[in-house]
1. Using 0.36 nm times the number of residues separating residue 13 and residue 42, minus their current alpha carbon distance, what extension gain do you get?
2. With contacts defined as alpha carbon pairs under 8 Å and 6 or more residues apart, what's the relative contact order of the range 5-88 in percent?
3. Fully extended, how many nm does the chain gain between residue 131 and residue 83 (0.36 nm per residue separation, minus their Cα-Cα distance)?
Amino acid sequence: MAMTVHVDIVSAEELIFSGLAEFVALPGEAGELGILPGHMPLMTRIKPGAVRVKIPNQVEEELVFVAGGLLEVQPGLVTVLADTAIRGRDLDEAKALDAKRRAEDAMANRSARLDYAKAQAELMEAVAQLAAIQRLRKIRH
């Protein structure tokens, strides 16, 4: 039997995933992070992107899009506290494309720095969602 670690992925609204995993991969601020059972304790911020969870005896990885948040690794427990989290199967490409288009328009027609920064953050989130959708498509095909 493979070694496992308990993983909880939580958004402000709900518990998205809770269970055992062989590994977790996610977008850290300094790059992609891979967490295996026995990983040293760690706390770091995460960027918008896909969290991949390899579940024992399951071929397909679970995919959850997060719009940023925190990662905490403790012995036997990995916790992802996400600002927003969406299960891979619930991602909507049309909505993400629309959000990307709106953010690009807002950046092009900027009137204040605050609006530009907000539009830039929304653009980054939409692009990360689209990348997660593409990754999910590759996994399924």
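Just so you know, all these numbers are worked out from the coordinates, no wet-lab data involved. Just so it is clear, the model here is predicted, and its values are computed rather than measured.
1. Fully extending the segment from residue 13 to residue 42 adds 8.0 nm.
2. 32 percent
3. Once the chain is fully extended between residue 131 and residue 83, it gains 15.5 nm.
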